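Novice: First the structure, which I've put down as structure tokens, then a few questions once you've had a look.
Where a number appears in this text, it was derived from the coordinates with a stated rule and is not lab data. No experiment lies behind these values; they were computed from the predicted model shown. Glycine also receives a Cβ, built like all others from the backbone with ideal geometry; neighbour counts cover every protein chain displayed.
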Amino acid sequence: MDEQALASCARSLVSPGKGILAADESLGTIKKRFEHVNVASSQESRRAYREVLFTTRGIEAFIGGVILFDETIRQATEAGVPFPKVLGEKGILPGIKVDEGTKELAGFPGEKVTEGLDGLRERLVEYRDLGARFAKWRAVITIGSGIPTRVGLLENAHALARYAALCQDADLVPIVEPEVLMDGEHDLARCEEVTAEMLRHVFFELAEQRVLLEGILLKPNMVISGKACSRQASVERVAEATVRTLRRAVPAAVPGIVFLSGGQTPVQATEHLNAMNLLGPHPWELSFSYGRALQDPVLDAWRGEARNVTKAQKVFHHRAKCNSAARSGKYTRKMEEAA
């Protein structure tokens, strides 16, 4: 393990003004996203869509890394240039999703555990050879009646730590993603309670597995009201609760925190990130690793039509620019009007 190289890579992913594009949708997930815009999901349509994203001019000013799916890291542009090379030539680091999805946690109804540790060591070597510089593993925590349990949190925290240790052994920066879902009727306080507990377990396990904190990135949920909660917290309250939780649970050695959007609208995700950075300075970089919040408007503009590529790329550039501004608390609603 090259500690200096890992730390340098982690820092570069969250360089000032930059964040990460999550373009690692599984085949099932991207099929659902395509269905919303009446596009059939095929190997070629998925390739064409990712080419729209990765070849957008100027995104390297706002995007430091892109998380790819297994299929995507092996694909190329229409002209035959491998996607990792396309990104690398822009100075954008390619990454890879390595978990194999969630399954029911036996004996604990309503809770899930992420699978994919079997054979991971060998897969990481292959992905590194394909050009990946970092990886991602997502754990999913649901808030409901009697859940999450301590066992549910511990099982997911342990898997995240084992994954992170294996990544660093392969000289890949691990993005550690413990996601407390927005689904449910829980309020802001309950989300804060569960998020804080999960983060405490995660960092205990990372220490136990001797993971170099300077060589990871944390990808957490924001502390936010459940979607079905009758009282939705304001942007300011979300920012305050999230920063408070992170300060209590995340060591300063971690170079960056790259939030997931988790079902927020594109504008909500940007506003929340902006408000958090206004509360700084922070011991870590507060950045983004958005999927839907960056891509939904792009998909809506593209709709599988070659004639819409320029329009879709303009939309993507705009959303990336807005989130880049939010990294320093400089985003305003006027930026949306300017688009």
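Novice: Full extension from ASP129 to THR332: what is 0.36 nm times the residue separation minus their Cα-Cα distance, to one decimal in nm?
Specialist: This chain segment gains 69.0 nm when fully extended.
Novice: Next question. Between GLU44 and LEU279, what is the label-to-label distance in nm when each label sits 7 Å out along the Cα-to-Cβ direction?
Specialist: About 4.9 nm, to one decimal.
Novice: Whole-Hz Karplus ³J(HN,Hα) for the stretch 239-256, in order, using 6.51 cos²θ - 1.76 cosθ + 1.60 and θ = phi - 60°, x for Gly and Pro?
Specialist: Listing the rounded values in order: 4, 5, 5, 5, 5, 4, 5, 5, 5, 7, 10, 9, x, 5, 5, 5, x, x Hz.
Novice: Kindly provide the helix-only [θ] at 222 nm of the chain, computed as the sum of -39,500 (n - 2.57) over DSSP H runs of four or more divided by all residues, to the nearest 500 deg cm²/dmol?
Specialist: So the helix-based figure for the chain works out to -14500 deg cm²/dmol.
Novice: What share of the DSSP beta bridges in the chain is antiparallel, in percent to the nearest 5?
Specialist: Counting only bridges with both partners in the chain, antiparallel ones make up about 15 percent.
Novice: Would you mind calculating the relative contact order of the stretch 3-338 from Cα pairs under 8 angstrom and at least 6 residues apart, reporting the percent as a whole number?
Specialist: 18
Novice: Going down the table (LYS112/LYS330; LYS97/LYS330; LYS32/LYS136; LYS103/LYS219), which pairs top 27 Å between alpha carbons?
Specialist: Going by Cα-Cα distance, LYS112/LYS330; LYS97/LYS330 fall outside the 27 Å limit.
Novice: Please list 3J(HN,Hα) in residue order for the stretch 26-37, calculated via the Karplus relation 6.51 cos²θ - 1.76 cosθ + 1.60 where θ = phi - 60°; whole Hz, with x for glycine and proline.
Specialist: For the stretch 26-37, the Karplus-derived couplings read 5, 4, x, 5, 5, 4, 5, 5, 5, 4, 5, 10 Hz, x marking Gly and Pro.
Novice: Here's something else I'd like to know. Rounded to whole Å, give me the distance from the Cα center of the stretch 210-283 to that of the stretch 73-128.
Specialist: Cα centroid of the stretch 210-283 versus Cα centroid of the stretch 73-128: 24 Å apart.
Novice: Whole Å is fine, so just give me how far the alpha carbon centre of the stretch 140-200 lies from that of the stretch 292-339.
Specialist: First find each Cα centre; the distance between them is then 29 Å.
Novice: Considering only DSSP beta bridges whose two residues both sit in the stretch 86-225, what percent are antiparallel, to the nearest 5?
Specialist: If I count the DSSP bridges inside the stretch 86-225, around 25 percent turn out antiparallel.
Novice: Further question on the same structure: What are the residues whose amide H is under 5 Å from the amide H of GLY256, where those residues sit 5 or more places off or on another chain and H is modelled from the backbone?
Specialist: Under 5 Å from the amide H of GLY256 lie the amide H atoms of LEU218, GLU285, each far enough along the sequence or on another chain.
Novice: Output ³J(HN,Hα) for the stretch 294-303: one whole-Hz value per residue in order, computed from phi by the Karplus curve 6.51 cos²θ - 1.76 cosθ + 1.60 with θ = phi - 60°, and x for Gly and Pro.
Specialist: 9, 9, 3, x, 5, 4, 5, 7, 6, 6
Novice: Going by amide H atoms built from the backbone, whose H comes under 5 Å of the H on LYS112, apart from near neighbours?
Specialist: Amide H neighbours of LYS112: LEU105, THR142.
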